[in-house]
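Undergrad: If you scroll down you'll find the structure; I have some questions about it.
The values are calculated or read from the model by the stated rules, or taken from the named source; none is laboratory data. Quick caveat: nothing in here was measured; it's all calculated off a predicted structure. Glycine gets a Cβ as well: all are built from the backbone with ideal geometry, and neighbour counts include every protein chain shown. SASA here: full protein model, heavy atoms, side chains in, ligands and nucleic acids out. Shrake-Rupley method; radii C 1.70, N 1.55, O 1.52, S 1.80 Å.
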Amino acid sequence: HITLADDASVDDVLEPLAQAIAGETTIVDHTTTAPTPTRARVARWRDRGISFVHAPVFMGPKNAREGTGIMMISGDSALRARIKPSLERMTGQVVELGDDPGEAAAFKLMGNLMLVFTVAGLADMYRFAASMGIAARDAHKLFSFFMPVNAINFRGKDMAHGDFTPQWELKMARKDVRLMLEEAQRHGEDLAVLPEIATFFDEYIERGHAQKDVGVVAMRSKIGRASCRERV
């Protein structure tokens, strides 16, 4: 079992040992890695006659000590069946994600993407609250009666199915974003994430989607932004 930093560190540690690892060994990699190099890594070790399974986790140190949290696996079905019982002793839940050896890596990154969006959103919310004289600990009380998870459970499902029947029109959501930015500016606060969202919404409004549900921004479109490669 290995848990390292990224794809490069996994290869840096394992490749020098390729001739020394016995053929009956199963390598279980819990590192957060990218799907494409993960698939290549699984194939490379398979060609050497060694089983390699990627099993990324949603687990912190406390989960690791207690054997709780979530572990994901994907890849060869026989290998999954063989390794799953031992993994179940290490975590609260093992989620199988099919035969594609890169699928678990993809789901791990999707989960972390939502986590970083949540953290960035909270940071802007706390800055916004502070600009109005509301302490972050008091602003957090919002979540005692309002749970944004419903946006994932309901609007998220509609977005995933391409249903943009208006519940909260994009133009009205953009209006609310304007109110947020204007109020923050009145108090001299610059928000980090919300201005980018305003630009993002504007691009879809300009394309004629103003009266569709705000979830229409999930519609894939070439929107003239810098590519991922340019931004990395």
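Undergrad: Need one number: % antiparallel among DSSP beta bridges in the chain, to the nearest 5.
TA: Within the chain, antiparallel bridges account for around 30 percent of the total.
Undergrad: For the chain, what % of the accessible area comes from carbon and sulfur atoms, probe 1.4 Å?
TA: Accessible surface attributable to carbon and sulfur in the chain totals 58 percent.
Undergrad: List the relative contact order of the chain as a percent without decimals, with contacts defined as Cα pairs under 8 Å and 6+ residues apart.
TA: Relative CO of the chain lands at 14 percent.
Undergrad: Here's another thing I want to ask about it. Residues with amide H under 5 Å of VAL95's amide H, sequence separation 5 or more or different chain, H placed in the peptide plane at 1.01 Å from N; which?
TA: Close amide H contacts, sequence-distant or interchain: MET71, MET72, ILE73.
Undergrad: Further question: Once amide H atoms are placed 1.01 Å from N in the peptide plane, what residues at a sequence separation of 5 or more from ILE27, or on another chain, have their amide H within under 5 Å of its amide H?
TA: Amide H neighbours of ILE27: SER51, PHE52, VAL53.
Undergrad: Hey, another quick one. In degrees, nearest 10, range 0 to 90: what is the angle between the Cα axis of helix 35-47 and the longest Cα principal axis of the chain?
TA: Helix 35-47 and the main axis of the chain meet at about 0 degrees.
Undergrad: If r is the Cβ-Cβ distance from GLN185 to GLU206 and R0 is 22 Å, what FRET efficiency results, to the nearest 0.05?
TA: 0.45
Undergrad: Separate question: Could you work out how far apart the two model spin labels at ALA34 and ALA198 are, taking each label as a point 7 Å from the Cα in the direction of the beta carbon, and quote it in nm?
TA: The modelled label-to-label distance comes out at 3.3 nm.
Undergrad: Right, next: Test of understanding: what is the full-extension gain from ASN112 to SER9, defined as 0.36 nm times their sequence separation minus their Cα-Cα distance?
TA: 35.2 nm
Undergrad: Could you run the Karplus curve 6.51 cos²θ - 1.76 cosθ + 1.60 with θ = phi - 60° over segment 9-26 and give me ³J(HN,Hα) per residue in whole Hz, x for Gly and Pro?
TA: 5, 4, 5, 4, 7, 8, 4, x, 9, 4, 7, 9, 7, 5, x, 7, 6, 10
Undergrad: Once you sort the root eigenvalues of the Cα gyration tensor of segment 1-120 as a ≥ b ≥ c, which label holds: rounded (a/c under 1.5), prolate (a/b larger than b/c) or oblate (the other case)?
TA: prolate
Undergrad: Quick one: helix 77-88 against the long Cα principal axis of the chain, what's the angle to the nearest 10°, folded into 0 to 90?
TA: The angle comes out near 80 degrees.
Undergrad: For segment 20-66 and segment 141-195, compute the distance between their C-alpha centroids and round to whole Å.
TA: 38 Å
Undergrad: What FRET efficiency would be calculated for the residue pair THR25, ALA78, taking the C-beta separation as r and a Förster radius of 22 Å, to the nearest 0.05?
TA: Numbers: r = 16 Å, r/R0 = 0.74.
After rounding to 0.05, the efficiency reads 0.85.
Undergrad: I've got another one for you. Report the calculated FRET efficiency for VAL119 and GLU88 (r = Cβ-Cβ distance, R0 = 35 Å), to the nearest 0.05. Mind dumping the intermediate values first?
TA: On the way: r = 30 Å, r/R0 = 0.85.
Rounded to the nearest 0.05, the efficiency is 0.70.
Undergrad: The list (1) 7, 25, 30, 19, 12, 5, 1, 0; (2) 7, 23, 27, 22, 16, 6, 0; (3) 7, 29, 31, 14, 8, 7, 4, 0 gives values of P(r) over Cα pairs in 10 Å bins from 0, in percent, and only one came from this structure; which label was calculated from it?
TA: (2)
Undergrad: Whole-Hz ³J(HN,Hα) for each residue in segment 130-145, computed from phi via Karplus 6.51 cos²θ - 1.76 cosθ + 1.60 with θ = phi - 60°, x for glycine and proline: what do you get?
TA: Calculated HN-Hα couplings, in order: 4, 5, 9, x, 9, 5, 4, 5, 7, 4, 5, 4, 3, 7, 7, 9 Hz.
Undergrad: Taking the chain as a Gaussian network, Cα atoms linked when under 10 Å apart, which of ARG186, ARG80, ARG127 shows the biggest mean-square fluctuation?
TA: Residue with maximal mean-square fluctuation among ARG186, ARG80, ARG127: ARG186.
Undergrad: Give me a comma-separated list of calculated 3J(HN,Hα) values for segment 198-214, in order, Karplus coefficients 6.51, -1.76, 1.60 applied at θ = phi - 60°, integers in Hz, x for any Gly or Pro.
TA: With coefficients 6.51, -1.76 and 1.60, one gets 4, 5, 4, 4, 4, 5, 6, 5, 4, 8, x, 9, 4, 8, 8, 4, 3 Hz.
Undergrad: Shape call for segment 154-215 from the C-alpha gyration tensor, a ≥ b ≥ c root eigenvalues: rounded (a/c under 1.5), prolate (a/b greater than b/c) or oblate? It would help to have the intermediate numbers written out before the result.
TA: Details: a/c = 2.46, a/b = 2.11, b/c = 1.16.
Because a/c hits 1.5 or more and a/b exceeds b/c, segment 154-215 counts as prolate.
Undergrad: Moving to a separate point now. In Å², what does the accessible area per residue of the chain work out to with a 1.4 Å probe? All intermediate terms of the calculation are to be shown ahead of the outcome.
TA: Working: 14110 Å² over 232 residues.
Heavy-atom accessible area per residue stands at 61 Å².
Undergrad: Kindly rank 42-51, 81-90 from highest to lowest mean number of other beta carbons found within 10 Å of each residue.
TA: 42-51, 81-90
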